[in-house]
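Read the structure below first, then the notes.
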Amino acid sequence: MRSLKWLAFGVAVGALFVVERLRPLRAAKEPGPERIGRNLAIGLIAAATTAVSDLPVVASAHHLAERRQLGLLRSTALRRLPRFLRTVLGFLLLDYTLYLWHWMNHRAPALWRFHAVHHLDRDLDSTTGLRFHFGELALAAGFRAAQVLLLGVDRETLRAWQQMLVVSVIFHHSNVELPIEAERALQTLFVTPRMHGIHHSANGAEMNTNYSSLLSLWDRIHGSLRLDVPQAALVIGVEGYQQPGAVTLEQSLTLPFRRV
């Protein structure tokens, strides 16, 4: 069953990859295969890091939380709620705390050094959704363990949220030009390509908006939602790293460890 899910996911991502080239939202600066290969290489290293860190870090946190009944959702008051309500509340809390973590990745210099590698991409498409530095993913495993311990979410809720999050991340990084009416309708609940495109702007005032990763609700609550920048006016990437030589695979992987 799991293999079928992965197959369906792979087919969907492949279809999205094709569609975003047939109907692009933004013109590409680097349309050749070199950039795609670079993003896939960074993504493979990140996936390996996640696979290696999940068992000793996140799974251990789950075991500890279950054994000692740790976390908000296991508190006496919330434990009495129907399971469905606890699942929905857990889903919302996971997504909201990710919003806060993403915000911290932009505000804390030590975290930004790693997260900047994701933003370094001078174009934005579905492969950017795979492009996370292995150091950021290692730190994210610690954050995920903290979510499990503090929130008390069960394994099923975390798994369901993570699966939806992966789909959302690939989708909202894509370069697909959706009909504007469809995108506006989706934006009432979810993060969309135009919305997240603004977050990937090299302009700091534009980049420091739209931190949501799945539900767009959190940007609305915190006043960080911005939808007024035309996609054609965006310069994607990081200021000071707009030359091709600044975003090579070597430069991307070593960026967090270099003086900048």
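The values are calculated or read from the model by the stated rules, or taken from the named source; none is laboratory data. No experiment lies behind these values; they were computed from the predicted model shown. Here the Cβ is made from the backbone with ideal geometry for all residues, glycine too, and neighbour counts use every protein chain on show. What goes into the accessible areas is simple: the full protein's heavy atoms, side chains included, and nothing from ligands, DNA or RNA. Shrake-Rupley method; radii C 1.70, N 1.55, O 1.52, S 1.80 Å.
Key figures
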quantity: Gyration tensor verdict on the stretch 50-99 (Cα atoms; rounded if a/c is under 1.5, prolate if a/b is larger than b/c, oblate otherwise); calculated: oblate
quantity: Folded to 0 to 90 degrees: helix 33-53 orientation relative to the chain principal axis, Cα; calculated: 20 degrees
quantity: Å² of accessible area per residue within the stretch 37-115, as computed with a 1.4 Å probe and no ligands counted; calculated: 57 Å²
quantity: Using alpha-carbon coordinates, inclination of helix 109-119 to the longest axis of the chain, degrees; calculated: 60 degrees
quantity: Computed FRET value (nearest 0.05) for L100 with I180, which takes r as the C-beta separation and R₀ as 30 Å; calculated: 0.50
quantity: Distance between modelled label sites at L64 and V166, nm, 7 Å Cα→Cβ extension; calculated: 2.5 nm
quantity: Difference of contour (0.36 nm per residue) and Cα-Cα distance, L72 to T248; calculated: 59.0 nm
quantity: Protection-proxy order for peptides 169-178, 75-84, each taking the mean of Cβ atoms within 10 Å per residue, highest first; calculated: 169-178, 75-84
quantity: For the chain, built as a Gaussian network whose Cα springs stay under 10 Å, the top-fluctuating residue of Q162, Q243, Q231; calculated: Q243
quantity: Helix 2-22 vs. the chain, principal-axis angle (Cα, 0 to 90°, nearest 10); calculated: 30 degrees
quantity: Within the stretch 168-183: backbone nitrogen closer than 17 Å to the A12 label point (7 Å, Cα to C-beta); calculated: 168-176
quantity: Residue-span extension gain [L44 to E30] - 0.36 nm each, minus C-alpha spacing; calculated: 3.0 nm
quantity: Per residue accessible area in Å² of the stretch 174-226, where ligands, DNA and RNA are left out and the probe is 1.4 Å; calculated: 38 Å²
quantity: Net charge over other residues, Cβ less than 11 angstrom from the Cβ of E66 (K, R count +1; D, E count -1); calculated: +3
quantity: Carbon + sulfur, % of accessible area of the chain - ligands and nucleic acids excluded, 1.4 Å; calculated: 68 percent
quantity: Gyration tensor verdict on the stretch 105-201 (Cα atoms; rounded if a/c is under 1.5, prolate if a/b is larger than b/c, oblate otherwise); calculated: oblate
quantity: Difference of contour (0.36 nm per residue) and Cα-Cα distance, F257 to L150; calculated: 35.4 nm
quantity: Computed over the stretch 81-238: relative contact order in percent, which uses C-alpha pairs under 8 Å that are six or more apart; calculated: 27 percent
quantity: Three-way shape label, the stretch 128-169, alpha-carbon gyration tensor, a/c 1.5; calculated: oblate
